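K.L.:
Below is the structure I would like to discuss, written out as structure tokens.
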Amino acid sequence: MKKDKIRFLVEGGISLGLAIVLGLFSLFTMPQGGNISLATLPIVVFAMRNGWKPGVLVGLVYGILQLIIGPIYSVHPISIIFDYLLVGAILGLIINQSSDFKFIFRFAAVYILRYLSYVLSGIVVFSSYAGDQNPVIYSLVYNSYALVEAVVVLVIILMLKKFSPIFKK
């Protein structure tokens, strides 16, 4: 039992460190916050290897670290909850499924929840950037970068599942 706790702590710490470092290298950055990077990849791998409870915990810690370390575009409570804490914790809900179809379905559901969290925050907090546009439409379009990131991470995860022993304990 003690060995599993140590492995969990070490693997969680390494995953968080990798996520923070990968977050420094963006493929694309949005002007009012948000980017496409591989930062979520280590958190997803951790959740797939360890289950949803440890995954949610490490995802939440990742969201807190992003809030502390990264650039903050808003200190509004809704933004802190929906742009940092919730989107990090949601990542932990991804678990390794036996079939690729079930995994892809769950992966898509989790990343759509993340996207909707960003959209809700955008509607409430960042609606002033919409100008004459409908704030809902503006937030849906602006935060679509999160869906692009999901596709990139999904492709990498599927390749890892097929060609790497990373998901075998």
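The values are calculated or read from the model by the stated rules, or taken from the named source; none is laboratory data. For clarity, every value in this text was computed on a predicted model and none was experimentally measured. Don't worry about glycine lacking a Cβ; one is built from the backbone with ideal geometry, like all the others, and counts go over all protein chains shown.
K.L.:
Restricting the stretch 18-54 to residues that are within 21 Å of SER74 (Cβ to Cβ) and of a type in the set (Val, Ile, Thr), which is surrounded by the most Cβ atoms within 10 Å (Cβ to Cβ)?
P.N.:
Result: THR40.
K.L.:
Which residues, taken from the stretch 78-105, are surrounded by 16 or more Cβ atoms within 10 Å (Cβ to Cβ), assigned to a helix (DSSP H, G or I) and not aliphatic (A, V, I, L, M)?
P.N.:
Selection gives SER79, PHE82, ASP83, TYR84, GLY88, PHE103.
K.L.:
Could you please give the count of residues in the stretch 106-142 that are assigned to a loop (DSSP other than H, G, I, E, B) and of a type in the set (A, V, I, L, M, F, W, C)?
P.N.:
Final tally of qualifying residues: 2.
K.L.:
Here is a follow-up. Step by step: first the residues of the stretch 54-91, then only those that are within 11 Å of the chain's Cα centre (by Cα) and of a type in the set (Ser, Thr, Tyr), then the one that is nearest to ILE20 (Cα to Cα). Which residue is that?
P.N.:
Checking each candidate, the answer is TYR62.
K.L.:
Exactly one of (1) in a helix (DSSP H, G or I); (2) touching a residue at least 40 places away in the same chain (Cβ under 8 Å) is unmet by GLY59. Its number?
P.N.:
Unmet condition: (2).
Residue-wise test of (1) in contact (Cβ under 8 Å) with a residue 12 or more places away in the chain; (2) not hydroxyl-bearing (Ser, Thr, Tyr).
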{"position": "PHE103", "(1), (2)": "yes, yes"}
{"position": "VAL124", "(1), (2)": "yes, yes"}
{"position": "ALA130", "(1), (2)": "no, yes"}
{"position": "PRO135", "(1), (2)": "yes, yes"}
{"position": "SER139", "(1), (2)": "yes, no"}
{"position": "TYR142", "(1), (2)": "yes, no"}
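K.L.:
Of (1) at pLDDT 90 or above; (2) over 19 Å from ALA47 (Cα atoms); (3) in contact with a helix residue (DSSP H, G or I) (Cβ under 7 Å, 6 or more places away or on another chain), VAL141 satisfies all except one. Which?
P.N.:
(3)
K.L.:
How do the pairs read when you match residues in the stretch 147-169 that are under 20 Å from VAL119 (Cα atoms) with residues anywhere that are in a helix (DSSP H, G or I) and small (Gly, Ala, Ser), using Cβ under 9 Å and keeping only pairs 6 or more apart or on different chains?
P.N.:
ALA150/ALA108
K.L.:
Hey, another quick one. With respect to the numbered conditions (1) farther than 23 Å from GLN97 by Cβ; (2) surrounded by fewer than 18 Cβ atoms within 10 Å (Cβ to Cβ); (3) at pLDDT 90 or above, which one is the sole condition not fulfilled by SER74?
P.N.:
(3)
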